[in-house]
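Some notes on the structure that comes next.
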Amino acid sequence: MNNQWLAFFQGIIFVKVQGQGAERFINRLIRSRVPIWNVSRQSEQAVSFSCSLQHIHKVRRAARTFEGDIYFYRGEGFPFLLKRLWKSSGFLIGAIAFLVVILLLSNVVWRIDIRGASPKMEHQIRKELADIGIEKGRFIFSMDDPETVQHKLLNRIEGVTWIGVEVKGSTFHFRVVEKNAPKEKKRNGPQHLVAAKEAVIVKLFVKKGQAAVKRDQFVHKGQLLVSGLIGTEEKLKEVAADGEVFGETWYKTTVEMPIETEFQVLTGQQVKKHMLQVDTFRFPIWGFKNHSFANHKEDEQVHSVSFLGMKLPVSYVEKTYYESRRTSRSYTEKEAEIRAREIARRDLEAKLPEKAEIHGEKILQRQFTNGKVKLSIHFQVLENIAVAKPITQGDQKNARRKKHNEYPTRESE
């Protein structure tokens, strides 16, 4: 037979014909168009051959008029293989069930390892992990991928600079870098506090040094705020001036806001597909229905599959299609102006230093053109304007001269 693979799936019967007229029996089969092959003589009155299982009834029909003996002594091919497997189905089912259980247990989280965190921080991280579904005994397939877990933890937990997330086998590994409270900088030497920018002084908190300005006083950039020279003219003492000087500063910003905006929103309808991925090929295992969404967003999560700690070249893919629709929102000119002011204030707050507060705002200019509102806004901000400046010898001479002018000697009088 030319196609041996086809013969294998159909099944092959090995037949032995014994008796007088064995050759005539073979010729009769050929005339009946029964395909046979591997014909060989076993003895003077015995011939063996092979034929397809689907033609066995023709061989039996021809055997009714044959005076000798016919033996079907062996069968090969897919049908006989299934029959043998069915006889040992209990063992086969047990072996398959054992492998499936081992595979499932290999993809369950058995350990969560956290390093680099203090006991308090570790407790907080484990609490947040439980909230987002990272717990012992759960399948890794049902959890977020490491990048998503990392992003969620960084957004939820304060006091950490970086969190590394890695999955090895059935263990989640977390590496934590906590934020260290900034240590107080050691003063290299005596210093003044001067103004970092123009401002009107609102309040002063002087810890060390002599205040050189008063409330409601306007100061220029670089002007002395707190002097690091204290004492009398004859005995000036240099100290590291320390404190906070809050002044009212000014910021001007321009913001544009469209009166009508278009965006996409999710409707809540979704279709999920579950697939196995081998190399670049994907085989659907659940969710065969295709979505009919005119507009949609896709979310895909790929989970690697492990077996006894070894990463297999197989991945479990969960792909979700979310239905979306385009919608538009229209603002009145007043609503657009309010929204633009909120955006401008939020952007400015993100740029301001710590402890700075916005105390007031005033719209300098407003325009409504081309479907947009354009605002020019002036903000009043209360912030610490004091920065350190080392004391020089010239500062000492100026301080002595100033004290001498303020308190002249008897001779000069």
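Things worth noting here:
- Reach of Lys297 by Cα under 27 Å, taken over lysines that are not fewer than 8 positions away in the same chain: Lys152, Lys272, Lys273, Lys289, Lys319
- Most positive-pole-ward Cα, Val239, Gly116, Val255, against dipole of the chain from beta carbon charges: Gly116
- Under-5 Å amide H pairs with Ala199, H placed in peptide plane, nonlocal only: Val219
- Alpha carbon Rg of the chain, scaled by the compact-globule rule 2.2 N^0.38 Å: 2.03
- Dipole orientation for the range 1-98: of the candidates His57, Ala7, Val39, His57 has the Cα lying most toward the positive pole (charges on Cβ; Lys, Arg +1; Asp, Glu -1).
- Of Leu204, Met143, Ser170, farthest towards positive along the dipole that unit charges on Lys, Arg, Asp, Glu beta carbons give the range 101-223: Leu204
- Net charge of neighbours whose Cβ lies under 11 Å from the Cβ of Gly287, counting Lys and Arg as +1 and Asp and Glu as -1: +3
- Taking other C-beta atoms within 10 Å as the exposure proxy, Thr392, Thr249 rank Thr392, Thr249 from fewest upward.
- Order by protection proxy (mean Cβ within 10 Å, highest first), peptides 55-65, 21-31: 21-31, 55-65
- Residue ranges 117-124, 206-213 sort as 206-213, 117-124 when ordered by packing (mean number of other C-beta atoms within 10 Å per residue, highest first).
- Simple Cβ-charge dipole of the chain, Lys/Arg +1 and Asp/Glu -1, about Cα centre, in debye nearest 20: 1280
- In this structure the amide hydrogen of His296, modeled in the peptide plane, comes within under 5 Å of the amide hydrogens of Ser324, none closer than 5 places in sequence on its chain.
- Diffusion coefficient, µm² s⁻¹, Stokes-Einstein with Kirkwood Rh over alpha-carbon pairs of the range 261-329 at 10 °C and 1.306 mPa s: 115
- Expressed in Å, the radius of gyration and Dmax of the Cα atoms of the range 204-274 are 27.5, 87.
- Fraction of the pair-distance distribution of the range 111-178 above 15 Å, Cα-Cα pairs, percent: 45
- Measuring nothing but how far apart in sequence close Cα pairs (under 8 Å, 6+ apart) lie, relative to its length, the chain scores a relative contact order of 13 percent.
Since every read-out is calculated from the coordinates, none of them should be taken as a lab result. Since the structure is predicted, the reported quantities are computational estimates derived from the model, not experimental observations. Every residue, glycine as well, gets a Cβ built from its backbone with ideal geometry; the counts of neighbours run over all protein chains shown.
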